[in-house]
1. Computing the accessible area with a 1.4 Å probe over protein heavy atoms, can you report the carbon and sulfur percentage for segment 9-123?
2. In a GNM of the chain with a 10 Å cut-off on Cα contacts, which of N168, N111, N98 has the highest mean-square fluctuation?
3. Angle, helix 217-257 long axis vs. longest principal axis of the chain, Cα atoms, 0 to 90°, nearest 10?
4. Tell me the chymotrypsin sites (Phe, Trp or Tyr not before Pro) within segment 1-105 that lie in a loop according to DSSP and have at most 14 other beta-carbon atoms within 10 Å.
5. Please give the solvent-accessible surface of M241 in Å², to the nearest 10, using a probe radius of 1.4 Å with every protein chain present.
6. Against the globular-protein guess of 2.2 N^0.38 Å, express the Cα radius of gyration of segment 1-58 as a ratio, rounded to two decimals.
7. Quick check: convex hull over the Cα atoms of segment 88-175, volume per residue in Å³, rounded to an integer?
8. What area, in nm² and to one decimal, does the C-alpha convex hull of the chain cast on average over all directions?
Amino acid sequence: MERCFAKELGGNYLVYSRVLRQIKERYDKELRCAKRPAVRKILNRDVSASVPVILCVSQILRFRFKAPAKEDVRLELTDGWYALPAALDTVLSQFVLNGKVKIGTKLMICNGQLVGSDEGIDPLDHGYSSFKRECPVCLNISANNTRLARWNAKLGFVSPRNSQLHSNSILVKSLRDVFKDGGPIPAIDLVICKRYPRMFLEHGVGNQDESSLHLTEAEDAARQIEHDTNHQRISERFADMAEKECSSVSLNCMLSYL
């Protein structure tokens, strides 16, 4: 808050007495009232990471690899108390490089995937460090399932009554908001303008050109009837041949005994 409103809150917000009071309130809320914040519930795997949540970017993590030489950009997301690392797709990584997503940006995320440890972990564990490359867990997020949140949005889980949600997923307002490499689309409201008849694709197998044909429903039905007729004709022919062969064998056996 002091970063955003330095003139109004400078020296009055981040002070010892206020920090001490907030820590005491957190102690009472988590240990006495058993009300854990969003990130801790996700890390404990008591709540699915796909649930819509608003988190704040606390750090931009950059990890360099020697072979092959590249840089992996990740985010450290926080709910105000605990943090977890987030792996980005190509679209979100480009937003970070362009400065559209920076420290202090609030993101609304849904359909996240918590990968790493199969069992729940606690952010207070000794071996847990969200800013290190060796962090045992990571939250995978994609651009189509992530939206910028308002600067004054409340951190934590999003209420299902939120206007930006539909069936507990972010509602994409327009096809122009869909990114090609941004992962699956969570939810979108579309209007059917025209309904085309059902078409069938027939692959040419055994032909010289091996071309494919697009058939209407009537043409496909005619092809199916023709195929069934030919199959029945061939089956009857082979059945007659087998019957004649069996009769010939039986006649030869009878003559051999005479």
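The values are calculated or read from the model by the stated rules, or taken from the named source; none is laboratory data. Please read these numbers as outputs of a predicted model, since none were measured by experiment. Cβ coordinates were reconstructed from backbone atoms using ideal geometry, including for glycine residues, and neighbour counts include every protein chain displayed. These accessible areas exclude ligands, DNA and RNA; they are computed on the full protein's heavy atoms, side chains included. Shrake-Rupley method; radii C 1.70, N 1.55, O 1.52, S 1.80 Å.
1. That fraction is 52 percent.
2. N98
3. 50 degrees
4. F5, Y13
5. M241 has an accessible surface of roughly 110 Å² with all protein chains in place.
6. That works out to 1.46 for segment 1-58.
7. That works out to 147 Å³ per residue.
8. 30.6 nm²
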